[in-house]
Structures are given as structure tokens and as C-alpha cells.
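Okay, so here's the structure we're looking at.
The values are calculated or read from the model by the stated rules, or taken from the named source; none is laboratory data. Just so you know, these numbers come straight off a predicted model, no measurement behind them. With ideal geometry, Cβ positions are generated from the backbone for all residues, glycine too; neighbour counts draw on all protein chains shown.
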């Protein structure tokens, strides 16, 4: 009697259910920032501002054995005067759970624009350094870091 | 939690106009909120989220940090010495706890 009450499933409906199940299992457990997220973040930060030709020198390892401690150093050729200086430098990583790594706020009192720190990288990925200049324009540089052991806990 | 200890390296003396290098290190686990402890429980997020270096009371360099910054946040940055004075460094942890350090610079 019970079997008769069940409505037969059409072939189309069965395929839809299968598709939904597949999508659930394939969904990543931990969503990571993607290249799109970084591109989106950059356009959000620059807000249509012009890109300048200013050189940014990056010092990052090509291959990082330990993703927990990856050196990030940058140097920007800027006179660092009131009229012409680097205001902010953003470090963005496209393979981490969130693209933002750190934001460095510079002032002309520093006399030069450079900084060194260490960051975590969860996997091999591109690291982008975006500099906001006092004249409203931006400069950007990126590098790929190969990570042997990821560094996002777990 | 292990005691948080800040260490700073600032030259004792400098010439006027000289650009000196300042190094700071603070011992802090920087729990990102994504790692698990021995019992499989998620360690809640607790990081140093900002750093400020001020010279004679005026902020000269600040950093906003995200969980992607490594444990024991380490920073090197330049500073152009124009007068003698005191450097004050402040690290702010999630929850508002502050850690401080200060150093003096003399003019040669």
C-alpha cells in the first residue's frame, strides 16, 4: 500500500537530485580567497585611481619551506616629502582564507619607504603589494611564492 | 598564556638627517581562529591587530595586521632622525589589551 502512495520520480528530477548532491560534496570545506577576490579588493582600494610607474622592489622567497613564517619585504623609491610620499602599502595574498595580510601606513617623517615582516601562506600563491601614493595614484607589484608546508593552522 | 614580551631595537645615537633602521618583535601566538588545539577544539581568534610607532608623541608608522601575519609579529622600518627624542611603541591585541615599549634616541 505504501509503495503505491509514492509518486514515481521522473528521470529529470532524479538527475537534478544527483546534481545537487554532487555540488554539496564538491563544495570546499574552507573557502580560500581567490585571484578574483584579490582583484576585487584592489579595485575596491584603488577606486578607479590611476596606476603609476613607480617601482616596488619585493623581497620574498621563491620557495618557502614553511608557510608559517614567510618573509615579506618591500622597498619603494619615493622621496617621502610632504608633497610626494607613499601613504599606505597593502599586502594581499590570493590563496589565503582572506586576501588581506597587512596594511602599512607610512608618513613623510620616516624619510624612506620600506618595511619587512613575516606572513602566513596557506599554499602556493601570488602575493600582491599595492601602494597608495599621496598624489592619489597607485603602484602594484606581485610575486609567486611556492609553499611546501602550508601555514594556516589545522 | 605565555607572557607577551615586546622587544625593540633602536640605535642609541644618530646624526641629524640620518635614516636609521628600527626593529620590533613581540612574542605573541597570533591565534588566527582557524587552528585546532590538542582536543580538536578551535582556538578562538586572538591576534595583535595594530602596531603604532610614535616619535615625541607624534605617530610616524602604523600597521594594521590580519590573521595572515605570522606568530611573533616582526617588523623592520626606517626612520629619519631630525631631533633627539623618545620612541613609543604600542601593540594592540584583539579585545583591547595593549603592550608597550619605549626607547630614546640621542643626537651625536
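Counting only residues that are more than 9 Å from chain A (Cβ to nearest Cβ) and surrounded by 19 or more Cβ atoms within 10 Å (Cβ to Cβ), which one in region B:27-48 is nearest to residue B:71 (Cα to Cα)? The extreme case among them is B:28.
Say whether the condition of being more than 24 Å from residue B:23 (Cα to Cα) and in contact with a helix residue (DSSP H, G or I) (Cβ under 6 Å, 6 or more places away or on another chain) is met by at least one residue in region A:121-130. No, there is no match, as no residue in region A:121-130 is more than 24 Å from residue B:23 (Cα to Cα) and in contact with a helix residue (DSSP H, G or I) (Cβ under 6 Å, 6 or more places away or on another chain).
Just to be sure I understand, how many residues within region A:74-107 are without any contact (Cβ under 8 Å) to a residue 60 or more places away in the chain, farther than 22 Å from residue B:59 by Cβ and part of a strand (DSSP E or B)? Even if it seems obvious, please write down each step before you answer.
Of region A:74-107, the ones without any contact (Cβ under 8 Å) to a residue 60 or more places away in the chain are A:75, A:77-92, A:100-107.
Then keep just the ones that are farther than 22 Å from residue B:59 by Cβ; that gives A:77, A:92.
Filter once more, keeping what is part of a strand (DSSP E or B): A:92.
Qualifying residue count for the region: 1.
Scanning region A:32-66 for residues that are part of a strand (DSSP E or B) and within 12 Å of residue A:142 (Cα to Cα) turns up A:56, A:57, A:58, A:59.
Among residues belonging to region B:81-97 that are touching a residue at least 60 places away in the same chain (Cβ under 8 Å), within 26 Å of residue A:75 (Cα to Cα) and surrounded by fewer than 18 Cβ atoms within 10 Å (Cβ to Cβ), point out the one that is farthest from the other protein chains (Cβ to nearest Cβ). Ranking the qualifying residues of region B:81-97, first place goes to B:83.
Considering B:105, B:42, which residue is in contact with a strand residue (DSSP E or B) (Cβ under 7 Å, 6 or more places away or on another chain), in contact (Cβ under 8 Å) with a residue 40 or more places away in the chain and on the phi < 0 side of the Ramachandran plot? Reasoning before the result, please.
On the way: B:42 fails: in contact (Cβ under 8 Å) with a residue 40 or more places away in the chain.
Exactly one residue qualifies, and that residue is B:105.
The numbered conditions (1) farther than 23 Å from residue A:93 by Cα; (2) within 12 Å of chain A (Cβ to nearest Cβ); (3) within 17 Å of the chain's Cα centre (by Cα); (4) at pLDDT below 95 are all true for residue B:71 except (1). Can you tell me which residue is surrounded by the most Cβ atoms within 10 Å (Cβ to Cβ) among those in region A:108-126 that are more than 7 Å from chain B (Cβ to nearest Cβ) and not in a loop (DSSP other than H, G, I, E, B)? The residue in question is A:113.
Evaluate region B:2-15: report whether one residue or more is touching a residue at least 60 places away in the same chain (Cβ under 8 Å) and on the phi > 0 side of the Ramachandran plot.
For region B:2-15, residues touching a residue at least 60 places away in the same chain (Cβ under 8 Å) and on the phi > 0 side of the Ramachandran plot: absent.
Considered as a group, the residues in region B:55-65 that are within 8 Å of chain A (Cβ to nearest Cβ) and over 19 Å from residue B:27 (Cβ atoms) include one that is farthest from the chain's Cα centre (by Cα), and that residue is B:58. Scanning region B:1-25 for residues that are within 12 Å of chain A (Cβ to nearest Cβ) and either assigned to a strand (DSSP E or B) or closer than 19 Å to residue A:117 by Cα (or both) yields B:14, B:19, B:20, B:21, B:22, B:23, B:24, B:25.
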